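Worksheet: one structure, shown below.
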Amino acid sequence: MKLSTRIALGAAVLVPLLVAAAAALLLPLVGADLHRRQDTRLGDRAAALLPGARALLTADARGRPKAEQNQQRKVLDAALDAGVRIAAPDGAVLLAAGSQPDDPGLLPAAGTVTIRQDGRAWRVLAVKLDSGSATGTLWVLSPAGEPAAELRALRQRVLLVAALSAPLSGLIAFALAERATLPLRRLGRRAATLDPRTGHAVFAHTRTGTAELDELSGAIALLLSRYDEQAARTGQALDTARSFSSAASHELRTPLMSLRTNLDVLSAHPDLPAAERAEILAELQQDHARTVDLLSALSMLARGDLVEVSAFGPVDFAELVDAAVAEAGRRHPQTVFRTELPSEARVFGWDAGLRILLDNLLGNAAVHGGAAGRPAEVDVRLRIDGPTAHLTVDDRGPGVPPAEREAVFHRFHRRPDSPGSGLGLTLVAQQAALHRGSAAVTARPDAPGCRLDVRLPLLREPPHDPQLPSPRDWLTSASG
């Protein structure tokens, strides 16, 4: 059922009920007003009859028949259409004229009441008479059916109004509802013709002046924008999965082939000399470690490509650096690490991503930072440089030639003798970019060796609406 039809039916039912409820409240009030008006008329009539009634009572007490008859005529003339009854103290009726009950016992002793007899009703006002020489009672009566007839007529009119208001209110409500829901129907037609491939940009929200409709339009536009965002994230996840499988299959081909060859040799020659067998087993272990490192690095790259902004928050970078240096010291016990850290350096970052950045920075320096058979020595310094946290990792290795300093961040770039996967510094560049920072390789300024330089913006205040940089596929990009 259409909304306008529902509104019309509701109005057709509700309006007569409201009319009936109003009548139920008003009819008793109108009845009370009619009775008060009738009582006022009775009081006025009684006031007009009092002089003649007293004179009649005095004439009766003094035994004046002619005077009594004259006073009766005056009372009758003043009564006109009202019922009048005058009685002496002994109950003798001095005057009975007009409409009144046959049983005088129904008449009240004082006050105003309604009495009924044989299907008829009277409104009666009783007034005590005192003529000085005698006392008595005056009753003024008026048919009680007059207010009842007026109330009956009023009820009939209310019923007529209720009967007419049902269809009229329904038609008016239907017309108004049709007009009010017209923008809603237009909005529904626009939403029905949307193409999911075109995105939310085609659903331009224009204000109509109707608050509920504008809120609905805004909610639909917001829903579509979120749908587009999630569709983009899903597409990015699919691209990352395809990139991961492509890169893994390409880069794992060589170590897997080497593993297969060495396994075939061991299987075909069970009687190999111990020295050759040990050499083959060492190669197997190296290929296995390289395969594990490669898969781990590819997994971390994919994780960085898919991270959500909800994973970011305030992080003490100085505390992370200190913990990462301690962990690197346990992994590389032959390497000497020296640190220089501030008390605090807060950034808006992804805790796990910053650990990936630090672990690869320190691991790269530990592996490549030694020279001439000496263990690596690594100096880690973190300084506050204006609005930037400036991290430098210096080693005493052979360094990187200027022509290759950009290429070290490329995917799978490594030295011929490097035991790594070639993705360590790519992970550093990825995480620096995710945190709106930078990573660079330079020469060590105070001694031979290499410096890895990372700069990240400090957190001045939590952003109200944080946004990640434009997404980039680090798994398939050719450069860092």
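Bear in mind that the values in this text are calculations on the coordinates, not laboratory data. None of the values given here were measured: they were computed from a predicted structure. So basically every Cβ, Gly included, is an ideal-geometry build from the backbone, and we count neighbours across all protein chains shown.
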Separation in nanometres of the label points that stand 7 Å from Cα toward Cβ, at Asp385 and Asp130: 11.7 nm
Long-range amide H partners of Thr137 with built H, under 5 Å: Ala87, Leu129
Sites Ser343 and Arg185, calculated FRET efficiency, Cβ-Cβ separation with R0 56 Å, nearest 0.05: 0.30
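Just to confirm a number: summing +1 for Lys and Arg and -1 for Asp and Glu over residues other than Thr135 whose beta-carbon lies under 15 angstrom from that of Thr135, what do you get? Intermediate results must be reported in sequence, preceding the final value.
Working: positive: Arg54, Arg62, Lys128; negative: Asp60, Asp90, Asp130.
Within the 15 Å Cβ shell, the charges total 0.
What ranking, highest mean first, results for peptides 309-316, 109-116, 429-436 when packing means the other Cβ atoms within 10 Å averaged over each residue? Spell out each step's value before the answer.
On the way: 309-316: 14.1, 109-116: 12.4, 429-436: 23.1.
Averaged packing, sorted descending, gives the order 429-436, 309-316, 109-116.
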Chain lengthening between Leu284 and Arg460 when straightened (0.36 nm per residue, less Cα-Cα): 58.3 nm
Label-point gap, in nm, between Arg6 and Glu308 - each point 7 angstrom along Cα→Cβ: 3.4 nm
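Per-residue counts of other Cβ atoms within 10 Å, averaged by peptide: what ranking do you get for 50-61, 391-402, 9-20, highest first? Display every interim value, and only then the final one.
Numbers: 50-61: 21.6, 391-402: 19.8, 9-20: 16.2.
Answer by packing, highest mean first, reads 50-61, 391-402, 9-20.
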Sites Arg226 and Arg436, calculated FRET efficiency, Cβ-Cβ separation with R0 25 Å, nearest 0.05: 0.55
Centre separation in Å (Cα based) which lies between segment 375-403 and segment 78-138: 123 Å
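Expected output is a single nm value to one decimal: the length gained when fully extending between Arg260 and Ala20, i.e. 0.36 nm times separation in residues minus the C-alpha distance. What is it?
Values: separation 240, 0.36 × 240 = 86.40 nm, distance 9.46 nm.
Net length gain for the segment: 76.9 nm.
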Label-to-label distance, nm, for residues given as Ala149 and Asp90 (7 Å Cα→Cβ offset): 4.1 nm
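For a quick protection proxy, order the peptides 446-458, 219-231, 339-351, 174-186 by their average other-Cβ count within 10 Å, most packed first.
446-458, 339-351, 174-186, 219-231
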Under Karplus coefficients 6.51, -1.76 and 1.60, residue-wise ³J(HN,Hα) of segment 219-231 in Hz, glycine/proline x: 5, 5, 4, 5, 4, 5, 5, 5, 4, 4, 5, 5, 5
Calculated FRET value between Asp446 and Ala407, using beta carbons and R₀ = 25 Å, to 0.05: 0.50
